Amino acid sequence: MQHKSIQGCLTTSVSLSSQCAPPLVVAANIDEKTLKREGVCAASLPTTMGVVAGILVQNVLKFLLDFGTVSYYLGYNAMQDYFPTMAMKPNPSCDDKYCRRQQEAYKLREASEPKPEVVVVEESPVVHEDNEWGIELVSEVSEEELKEASGPVPELPEGITVAYTIPITV
C-alpha cells in the first residue's frame with residue numbers, strides 16, 4: 001500500500017490554516033450562563049462535539065490508510081441535521097507569514113513533480129454469448145393483473161408517484 005505524505009495534509013500548503021479561515025462564529029465578552037436555556041440538556045453540546053471529533057479522527061484514518069474520500073472541511077449544522085462538505089483551500093493573502101511560505105513551497109513541489117498520465121478506460125457492455133441454462137428475466141404478473149391487485153391510487157401532482165399501494169383483500 002502506498003501512503004501519502006502526512007506532511008501534505010497537516011501543513012498549511014494543502015489545507016487551510018486557522019489564520020486562513022477564522023471560526024465562523026466567535027463569542028466574545030459573553031457570560032456563558034446566558035447561553036444555557038431552560039429545558040435544554042447541558043450535555044448535548046459536548047456530546048455533539050465528541051461525535052464530530054470522532055468523525056474527524058475517522059477522516060485522519062482515511063487519509064493515513066489511503067481509503068475513501070478525505071474531507072478538507074467538516075462542519076455540522078445541528079438545527080438541520082446536516083454535514084456540509086466543501087474544499088477549503090489556503091488563502092494566498094493569509095496573515096500568517098509561515099502559512100504563505102508553506103503555500104509557496106507547496107507550489108514549487110507540485111511544479112517539480114511529473115504530472116500523472118490520465119488513461120481513459122472504455123467499458124464495454126456485458127455480452128453473454130451463450131445461455132446454456134436458458135435463464136430469462138420476465139415478469140410473472142401482467143400490467144393488467146398488477147392494476148387489478150393494487151389498491152386505490154391517490155391523485156398526485158405530475159412527477160410524484162407512490163412507492164406501493166395497499167393490496168385489495170379478497
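Derivation of every value follows stated rules applied to the coordinates shown; laboratory data play no part. Given the structure is predicted, the values throughout are model-derived calculations rather than measurements. Note that we place each Cβ from the backbone using ideal geometry, even for glycine, and neighbour counts take in every protein chain shown.
Some observations on this one:
- Using every pair of distinct Cα positions in the range 39-170, the Kirkwood expression returns a hydrodynamic radius of 23.3 angstrom.
- Here is the list for the range 121-158: GluC sites (Glu not before Pro) lying in DSSP coil, each with at most 15 other C-beta atoms within 10 angstrom of its C-beta, are E122, E123, E129, E132, E136, E140, E155, E158.
- Sparse-neighbour loop sites [chymotrypsin sites (Phe, Trp or Tyr not before Pro); the range 66-124; at most 15 other C-beta within 10 Å; DSSP]: F67, Y72, Y73, Y76
- More than 20 angstrom apart: percent of Cα pairs within the range 41-113: 54 percent
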